[in-house]
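Okay, so here's the structure we're looking at.
Read-outs throughout are calculated quantities, based only on the coordinates presented, and are distinct from any laboratory measurement. Computed from a predicted structure; not experimentally measured. Neighbour counts are summed over all protein chains in view; Cβ atoms, including those assigned to glycine, are modelled from backbone coordinates with ideal geometry.
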Amino acid sequence: MLARWNLRTGSIRTRGPLRADRTPVPVRWHHPVTRSLHWATFASLMVAAVAACSREFVVDRATNQLLLAMHEWSGLAVLAVIVLHLAWRACGCVGRRRAAMPRGARIHAMLGHGVLYTMTLILPVLGWLTANAYNQRPVLFGLLPLPTLIERDRELGYALQDWHIDAAWLLLALLLGHVTVALWHHYIRRDNVPRSMQPYRRQRRRNKARCIFPRRVCMTGSECFLCSRQRPGPTETPDQRARVPPSKR
């Protein structure tokens, strides 16, 4: 299948099976619990990443300790949310939406989500083990001390810290791939997958919708996934309309 960028209309045009259906696909929204857990995991990962990176530029000891505590709390929040997310997927039959997908796409989606969830679960566990190896006991939100998983071992702590950093970079690569696939679903397949995972459902009047993107970027597809603005159809001049018989109008 080939794809090319149309400079006149600012849209991606494809050749092959994907061009057969140009009609907009109705949005099949995920369950509110699924969307809440999805964005809670993303927010916790962002806080943990920002706190960890900010420590490299902070000299004050008190501020550095505060950032470390924020990193630990957000990492433990990621662990708690991802466990709830996995339990919800198992009990809520979230994967049932993939039943209508082709077999190859269904296998790829299952493998991709499996690797992403596995790395999101392993990353905070490695951080927990690293803290224990340095003879530190994480305290959840400064109130609930967590159990010690391993004994003090500084050499093991160095190795666990390196694994923790490598796992963080690998998870970042997986997240970028996840975003890329979501954009491919929206701009190439046009099946409204990104809109189905929006944190909330907005109801806007289409004729007064405003978008943060320029019109050429907003109107790349048949419908913008942010403001729901649809591409206007072709207009007819009075001369063209006069040539159409009244019975076919």
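What's the extension gain from residue 80 to residue 64 if we count 0.36 nm per residue and subtract their Cα-Cα distance?
Result for the pair: 3.3 nm of gain on full extension.
Take residue 181 and residue 149, extend 7 Å from each Cα along the Cα→Cβ direction, and tell me the distance between the two endpoints in nm.
Inter-label distance under the simple model: 2.5 nm.
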